[in-house]
1. Going by the conditions given, is Thr171 open to solvent by less than 90 Å² (accessible area, probe 1.4 Å), touching a residue at least 40 places away in the same chain (Cβ under 8 Å) and touching a helix residue (DSSP H, G or I) at 6+ places or on another chain (Cβ under 8 Å)?
2. Need pairs with beta-carbon distance below 9 Å; first residue under 16 Å from Phe32 (Cβ atoms) and within region 44-72, second surrounded by fewer than 13 Cβ atoms within 10 Å (Cβ to Cβ) and among the basic types (Lys, Arg); sequence gap 6+ or separate chains.
3. Could you list, in sequence order, all residues of region 140-165 that are open to solvent by less than 100 Å² (accessible area, probe 1.4 Å) and over 17 Å from Leu332 (Cβ atoms)?
4. Take region 25-78 and flag every residue that is closer than 18 Å to Met220 by Cβ and open to solvent by 60 Å² or more (accessible area, probe 1.4 Å).
5. Does Leu165 count as at pLDDT below 85 and of a type in the set (A, V, I, L, M, F, W, C)?
Amino acid sequence: SLDFWRLLYALLKQIHGGKWTESDAVDNQIRFVKSALWYHGYGRPELYQLPSDGSAGSRELLLAFSWLLHRLSLLEQLLARNRVKTGDETSVCMCEDDLPNSQKGTTEIAPEYGLEDRVDVRYLQWLNGRLRFQWRSLHAQHQEQCKLLHKIHLFTSGSHMDQILGHFSVTETDLVRQPENYKQLLQLLESETMQLEAFLEWKQLEPVYWQWMEAVLDNMAEEGNMSESQDAHVEKSGLPKENLCCPWADSLTGQIGRLSRDLMTLRDQLHKLITHRKAVWCEKVKTREEELQKEWFSVTARKIQESVELKLLDLAYLCAPKQQKKHGLCRLVFRSKHPASQMGFGRSVSKDPVSAVSATDVIRELQMREASLERELKQLQEECRRRLDEIAEGLDGVICISP
């Protein structure tokens, strides 16, 4: 089980882009694995109850590992992250803003915090400002990187053997300047080839693995049923009717019986009280709903009208002919007057025509999405402003001035 904890620690560290070392403490590794699994939505409580010394839980860790394989496509993510990048690439996403299925519902089991855990609004504002500052710094660094890539592609234009590319990448330019680094690159490519071969072998044997996991789940279900039946048998057996070794057992049994009857009577009374109060509350809620229905009719109608207007603004975009959406890493190709470099972004470096997307298409797509998000933001701001005005009206002796 300890080796399994270390394996999950190493894999999840790579998925989350962190560095890992074998010298990390065992309890820190186990704590990180539990946190990462909780973040991804793994909800089996038996795993989080395992000891922090890694002395038990091999089967629970096997289930968690299999869940990661199925839910997160763990191996595919590792191959994508460890891929040797010989070309200059950028991430292009022209998909919708909906969350992928693997990310939906990951916060449904998050623990609820009480009033004592609420954070001051000023601290949240400070965090928001810090986040915006870091975002601007990242944007400036990305712009600087684009300028340097443009210089490299422009100065090496026409030097590449592949006429579709026509220019060197950063890695290829570094190899031209320092030829002795090709050995390290060759080792990385050989390592990646070995990983791909191992992945192909795994895909051939994967059905056998899942058959084995089905057997493991069946065994766990049988053990769970056996433990439940044993618990039920113990509950049914109760206390012994007579105990010859203890003369005071009869009186103790009688007292327990009287307490049980009293508890049953109290439970029935509480049930009747809860039913009565629930009926009273239902009547009050029904009356209040009728009052609110008259008061909030105009507000609801206005919200519906704004929602319809927002949908109509997006109708032209939604009814437009759908193009094939681009998502993932694409290789940057310098676009110039040279006929061999008219492909913009390319996914392949072959001499055949490849599916490509130009930077102008991506910019146009982002501009349309920005306009849609701005309209939605304005709608939410108006709703928040109306809500604050309604709250302010209910406060006596308080004057609220909107910004």
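The values are calculated or read from the model by the stated rules, or taken from the named source; none is laboratory data. Since we're looking at a predicted model, the values are computed, not measured. With ideal geometry, Cβ positions are generated from the backbone for all residues, glycine too; neighbour counts draw on all protein chains shown. The protein model used for the area step is the full one, side chains on, heavy atoms only, and it has no ligands, DNA or RNA in it. Shrake-Rupley method; radii C 1.70, N 1.55, O 1.52, S 1.80 Å.
1. So Thr171 passes the test.
2. Correct list of pairs: Ala64/Arg44.
3. If the condition is that a residue be open to solvent by less than 100 Å² (accessible area, probe 1.4 Å) and over 17 Å from Leu332 (Cβ atoms), then Ala140 is the only one that fits.
4. Arg44, Pro45, Glu46, Gln49, Ser58, Arg59, His70, listed by residue number.
5. Here the answer is yes, as Leu165 does meet what is asked.
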